[in-house]
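See below for the structure under consideration.
The values are calculated or read from the model by the stated rules, or taken from the named source; none is laboratory data. The structure displayed is predicted, hence computed values, not measured ones. Because the Cβ atoms are built from the backbone with ideal geometry, glycine has one as well, and the counts that use them run over all protein chains shown. Please note that ligands, DNA and RNA were not included when accessible areas were found on the heavy atoms of the full protein model with its side chains. Shrake-Rupley method; radii C 1.70, N 1.55, O 1.52, S 1.80 Å.
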Amino acid sequence: MADRAALEDLVRVQGERVRGLKQQKASAEQIEEEVAKLLKLKAQLGPDEGKPKFVLKTPKETLTGKYGEDSKLIYDLKDQGGELLSLRYDLTVPFARYLAMNKLTNIKRYHIAKVYRRDNPAMTRGRYREFYQCDFDIAGQFDPMLPDAECLKIMCEILSSLQIGDFLVKVNDRRILDGMFAICGVPDSKFRTICSSVDKLDKVSWEEVKNEMVGEKGLAPEVADRIGDYVQQHGGVSLVEQLLQDPKLSQNKQALEGLGDLKLLFEYLTLFGIADKISFDLSLARGLDYYTGVIYEAVLLQPPARAGEEPLGVGSVAAGGRYDGLVGMFDPKGRKVPCVGLSIGVERIFSIVEQRLEALEEKVRTTETQVLVASAQKKLLEERLKLVSELWDAGIKAELLYKKNPKLLNQLQYCEETGIPLVAIIGEQELKDGVIKLRSVASREEVDVRREDLVEEIKRRTSQPLCIC
């Protein structure tokens, strides 16, 4: 045992030496030599019988090289040993890493979790440094554009059901962008940085984007002008067909593949009944480096025309695209798994809803409780407990204040503050008559309901879906 302990100490020391050399960016030959020594020591240890076995993969470098110019928004950290770590920027890269580590080639999933951006917060626009995203992804080898069309259908269904106003989903294809840059004369080395400039066209004018391309990124003015002729176009399938006949763009293999897929995509979107929500927009670039094909972004068309509302400036509310090469970046053998997905900004949706309710001077409902069990006089705690238990057993979402003798006014105010729509009031006279007084918090109307009919009456009144608009 003593010999083994000494050998384990040698392995630990040698492991620290290897990590130190990597942090110092020593030569590859020196690192390989020390790694070989480490492996030799580990071989002498032999198998660890009876000990649990873990498959560990260091997160270092996992996020780098995936986000283009947005990489500056990644939160970089270091652990106690000095290893470079990062808070996750999105849910897509961790998903791709999970597929590679577990050798999965086919999966459909959704995921809601926090992500982090080293950005300037803008609360009114739903922009935070820590926030939730809801992602949906389809991974696997399938016929062209079928998973992509389903993702767009899901995006439209979600945004329609949320009733946050009219929206438009812009679509483009990274292959069309790359082909367009090539025929316009953009050097290969500048494709991604120019792509990031084009992606700003939804926020600033073409002249500002052109000035950035020429003044900051060194692009020739005539090349920028040629790009401008293309990226200011948008439309539907007719624009796709028009570009398929473009004498220059149609000669580029990448662009031709992208246009062919977009034409097929519009056919599927028409069958899904959402083609009127989709716009082919050549200015959509999506600055993330991992996209390889179709890309899309949902934006509100305009502030909803309701009296008293302020303009809502939250930008895009959902986005996504195809990323066929990302899984291969994490696979030791570079095996690719085609993927497509979408991401919805949860806080941005909340910002829209909250601003709208505030403009209409409506309360934000903070509970799902359907009814508060209240009492009109003192010494009725037992009756309140009996009634709330009956309602719980019947599947009614009910609650009561945690006081023996709460004042009726306080109970009613609690309902108004939290958005509870109904109050079931117990009084001495109601107990004698075998009824419960059911009060609507909004209208303040009160009716006597027989106790045996109370559950059905509450269900009837609360069965209408809650509109958040």
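Here is how the numbers come out for the structure above:
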{"item": "Distant alpha-carbon pairs in segment 132-185 (separation over 18 angstrom), percent", "result": "54"}
{"item": "Karplus-derived 3J(HN,Hα), 6.51/-1.76/1.60, for each residue of segment 141-146, Hz, glycine and proline x", "result": "8, 10, 5, x, 6, 5"}
{"item": "Efficiency of FRET from Cβ geometry, Ser238 and Glu208, R₀ 45 Å, rounded to 0.05", "result": "0.95"}
{"item": "Share, in percent, of DSSP beta bridges within segment 318-469 that are antiparallel, nearest 5", "result": "65"}
{"item": "Hypothetical label at Thr366: residues of segment 398-434 whose amide nitrogen lies under 13 Å (7 Å Cα-Cβ projection)", "result": "414-420"}
{"item": "Nearest-10 value in Å² for the accessible area of Trp392, using the 1.4 Å probe", "result": "140"}
{"item": "Too-long pairs where the Cα-Cα distance tops 22 Å, listed order kept, from Lys40/Lys103; Lys153/Lys336; Lys407/Lys437; Lys170/Lys200", "result": "Lys40/Lys103; Lys153/Lys336"}
{"item": "Residue-by-residue Karplus 3J(HN,Hα) for segment 322-334, coefficients 6.51, -1.76, 1.60, Hz, glycine and proline x", "result": "9, 9, 7, x, 5, 4, x, 5, 9, 7, x, 9, x"}
{"item": "Separation of alpha-carbon centers, segment 140-178 and segment 21-37, rounded to whole Å", "result": "47"}
{"item": "Span per principal axis, largest first, for the Cα atoms of segment 389-446 (Å)", "result": "30, 25, 25"}
{"item": "Per-pair calculated FRET efficiency, R0 = 30 Å: Tyr98 and Phe272 via Cβ, rounded to 0.05", "result": "0.55"}
{"item": "Cross-link pairs Lys378/Lys459; Lys379/Lys432; Lys397/Lys459 - those with Cα-Cα distance over 21 Å", "result": "Lys378/Lys459"}
{"item": "Shape metrics for segment 189-263, restricted to C-alpha atoms - Rg then Dmax, Å", "result": "13.4, 36"}
{"item": "Environment charge at Trp206 (Cβ cut-off 12 Å; Lys +1, Arg +1, Asp -1, Glu -1)", "result": "-3"}
{"item": "Kirkwood Rh in Å, taken over all unlike Cα pairs in segment 347-469", "result": "15.2"}
{"item": "Distance between modelled label sites at Glu456 and Ala26, nm, 7 Å Cα→Cβ extension", "result": "8.2"}
{"item": "For segment 152-161, 3J(HN,Hα) per residue [Karplus equation, 6.51 cos²θ - 1.76 cosθ + 1.60, θ = phi - 60°, Hz, x = Gly/Pro]", "result": "5, 4, 4, 4, 5, 4, 5, 5, 5, 5"}
{"item": "Packing-based ranking, highest mean first, of 136-147, 435-446 given that Cβ atoms within 10 Å are counted", "result": "136-147, 435-446"}
